[in-house]
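Report on the structure given below.
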Amino acid sequence: MVLSLSFCNSPGSVLVPIPTQLRLLRIAFNCWAEIPRRTTLASLWELNAFEDLIAAAKQIARALRSKKNLSEEERKILVDLGTQLSSISTTSERKGERVCEIESQLDVVQEKVMSWESDLNMIWDAGLDEAFEYLNAADEARKLTESLESLCLDKGDSDGNGDDDDDNGYVKAYELQRRAYDVLQTAMDRLEEEFRHMLVQNRQPFEPEHVSFRSSEEETLDEGSINSYGDDSFEESLYRDSLSRVSEEFLIDLIHPDVIPELRSIANLMFNSKYDRECVQAYTSLRKDALDECLFILEMEKLSIEDVLRTEWNTLNSKIRRWIRAMKIFVRVYLPSEKWLCDQIFAELGPTSLVCFVESSKTSILQLLNFGEAMSVGPQQPEKLFRILDMYEVLVDLIPDIEALYFGEAGSAITTEFHEVLGRLGDCVRATFVQFQNAIVSNHSNNPISGGGIHPLNRYVMNYIRTLTDYGETINSLSKDHDEGNHIAALSPDASPTTNEDDKHVVSPMAQYFVSVAAALERNLEAKSKLYKDVSLQHLFLMNNVHYMAQKVRGSELRSIFGSEWIKKRNGKFQQHAMDYQRATWGSILALFKDEGIQNPSSNSISKVLLKETLRSFYLAFEEIYRTQTAWTIPDIELREDLRISASLQVIQSYRTFAGRHSTHISDKSIKYSADDLENFLLDLFEGSPKSLHNPSRR
């Protein structure tokens, strides 16, 4: 609002009736009172306008007092105008006194603040009394700047008369305001330095070994290719971490508790003095360093995705173990303690606490999540699946912790990234399931394993899926929650698990997947059996491997997943292969004991020559079987004994019967081995150590 009062009766001015002049002045004063005050510099033009108003009022008042023909109304307006002018003068005097008082106070505050500028020691090291005195001085500097701002914003309240003395008072207030700002700036800089010093010097050592998480570094792991596992090594290598969850109330003091009140006082004063940005920057920069040091103590390196992808698996496996432990300690112990620290220092400053916590910790938590993302984008190799599942389960378990720490708009970026990494790990698990089954199907070899024993692929797959049962809930969840879950549990037409009155188990996605994998394994083993030229060995190989599969399912938690019907079918399969083996091995030999082969062509009488030749053929065939099948192997002791007994019942009984029936036609020289000898020889079969009856290594 710009006021122009050039209507006064002076040379060159417009003649305005006196009553009208009085009314205009009164309106102008009332309007001035309603003008909102602005910042000091922006209101200068309003203050100049008010000076013009005061000068005009005084000029009119002097002119009107000399006139005698004023009406009653005009006299009343003139009296009111005089009262207002008198009030302005009185207020100006009071403001002048206030400026002097402020100057005196500012001198004291400035002396206190500046006394520490030449001192290299820290204020708080001089004792709490000295520290509180400095805090009070800094707070007084803040209050003085606010008072001077108020005075300078309303020049009309400080020098309304427009006299030279009042103008000097106005200039004085501005000078004091600049001084007060300088003193406050100096005090805030010093308090920021003290704030940083206390945060650094009072940090408490972080000792993760005192946290009740068991380190898994002592566990050796030898996870190799799909063909590299035996039963024992597999079980040992996949021994899972059993880190217990820490109570949510398990907090540690990251800063010595004694200095928390002082830190809070400094923070409050800096915020009240509009130095909140400097305070937050000082705090977050130092706490970022502390969080980085925590990760260093937890042996977490700063690795890019490219670094992770280039790392060899054995080294990477150890890093994953450390990552799992670090995630649990960092999220459940360190971050809650960090947030608690923020709450203690910035508790009275609203959302500042959460903002500081997020700003301090986001780099560290994103470093950990970046490792998880790197693992999710790497090649989907079956040997990595268990570690990926471990990582996935850790993140799932930490969802409540993360959402409790990073809530609202301030923490949304962290929670979003957390869930995205979790989702990518889940996708990696699904892709690895498919890759695992494809690896079984595509596992070809040109050479059979010696002895027809259990194929390494069989051991690997069955132990692999048995270990996966520990992740049953996670696997089922991943299958159900994914739109393309059917590709995980893709079943061959004959691989669907069945239920009956004896099988009350629910067919889960994991069960479907396992049965599908087992079906793929059986087909692969059948193809591998064709690598053996000896039909007997083909059946022995399949008997061993199907029996192994059934045994693995029957003797573990896989039983409830596959169901007894599946086990029953595999029992029937390996028993059929056992019978097929016996027919292929002993069928042609036992056929020698038929009487048709030893009768004279011209009569039904027994030919001693043919009888002798039959025995000789039998002994040669038996010796060949002994030579080859002592090198064959049946790893399962019970199955090995059963097959020996079955062979003994057929072969020895047939031999005894044949020899006894034709004993009158057989000379002692024709009997090379007795029935007892043959029975003992059969005990050497399937031991995996080749022997020969021409140079026997008898028991």
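Computed quantities for the displayed model
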{"quantity": "Number of positions in the stretch 373-413 that are in contact with a Cys (Cβ under 6 Å, 6 or more places away or on another chain) and open to solvent by 30 Å² or more (accessible area, probe 1.4 Å)", "calculated": "0"}
{"quantity": "Total residues in the stretch 536-561, condition outside any helix (DSSP H, G or I), surrounded by fewer than 22 Cβ atoms within 10 Å (Cβ to Cβ) and touching a Ser or Thr at 6+ places or on another chain (Cβ under 7 Å)", "calculated": "1"}
{"quantity": "Hits in the stretch 284-306 - residues which are assigned to a helix (DSSP H, G or I) and closer than 12 Å to residue 375 by Cβ", "calculated": "305"}
{"quantity": "Test: residue in the stretch 441-449 that is of a type outside the set (Ser, Thr, Tyr) and part of a helix (DSSP H, G or I)", "calculated": "yes"}
{"quantity": "Within the stretch 300-357, tally of residues that are among the charged types (D, E, K, R) and crowded, with 16+ Cβ neighbours inside 10 Å", "calculated": "8"}
{"quantity": "Residue in the stretch 189-199 that is part of a helix (DSSP H, G or I) and modelled with pLDDT under 70 present", "calculated": "no"}
{"quantity": "Qualifying residue in the stretch 576-592 (condition: of a type outside the set (A, V, I, L, M, F, W, C), closer than 15 Å to residue 629 by Cα and not in a helix (DSSP H, G or I))", "calculated": "no"}
{"quantity": "Residues within the stretch 364-416 that are within 30 Å of residue 342 (Cβ to Cβ) and outside any helix (DSSP H, G or I), tallied", "calculated": "2"}
{"quantity": "Odd one out for residue 605 among (1) in contact with a strand residue (DSSP E or B) (Cβ under 9 Å, 6 or more places away or on another chain); (2) more than 21 Å from residue 693 (Cβ to Cβ); (3) modelled with pLDDT of 95 or more; (4) not aliphatic (A, V, I, L, M)", "calculated": "(3)"}
{"quantity": "In the stretch 534-562, residue nearest to the chain's Cα centre (by Cα) [restricted to those that are within 16 Å of residue 635 (Cα to Cα) and hydrophobic (A, V, I, L, M, F, W, C)]", "calculated": "549"}
{"quantity": "Per-region count, the stretch 619-669, residues within 21 Å of residue 575 (Cα to Cα), open to solvent by 40 Å² or more (accessible area, probe 1.4 Å) and part of a helix (DSSP H, G or I)", "calculated": "7"}
{"quantity": "Selected residue (only one of 625, 606, 634, 589 is touching a helix residue (DSSP H, G or I) at 6+ places or on another chain (Cβ under 7 Å) and over 27 Å from residue 532 (Cα atoms))", "calculated": "606"}
{"quantity": "In the stretch 285-295, the residues that are within 13 Å of residue 334 (Cα to Cα) and open to solvent by 10 Å² or more (accessible area, probe 1.4 Å)", "calculated": "288, 292, 293"}
{"quantity": "Residue in the stretch 418-436 that is more than 21 Å from the chain's Cα centre (by Cα), within 26 Å of residue 562 (Cβ to Cβ) and open to solvent by less than 20 Å² (accessible area, probe 1.4 Å) present", "calculated": "yes"}
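A quick yes/no check of all residues on (1) at pLDDT below 90; (2) surrounded by fewer than 15 Cβ atoms within 10 Å (Cβ to Cβ); (3) closer than 30 Å to residue 314 by Cβ; (4) among the aromatic types (Phe, Trp, Tyr):
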site	(1), (2), (3), (4)
178	yes, yes, no, no
211	yes, no, yes, no
226	yes, no, yes, no
232	yes, yes, yes, no
242	yes, yes, yes, no
251	yes, no, no, no
260	no, no, no, no
264	no, no, no, no
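Quick grid of which residues meet (1) under 27 Å from residue 403 (Cβ atoms); (2) among the hydroxyl-bearing types (Ser, Thr, Tyr); (3) touching a residue at least 40 places away in the same chain (Cβ under 8 Å):
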| position | (1), (2), (3) |
| --- | --- |
| 253 | yes, no, yes |
| 265 | no, yes, yes |
| 271 | no, no, yes |
| 290 | yes, no, yes |
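The values are calculated or read from the model by the stated rules, or taken from the named source; none is laboratory data. Note that the structure is predicted; figures quoted are calculated from it, not measured. Counting neighbours? That spans all protein chains shown, and the Cβs are built from the backbone with ideal geometry, glycine included. In case anyone asks, the SASA skips ligands and DNA or RNA and just uses the protein heavy atoms, side chains included. Shrake-Rupley method; radii C 1.70, N 1.55, O 1.52, S 1.80 Å.
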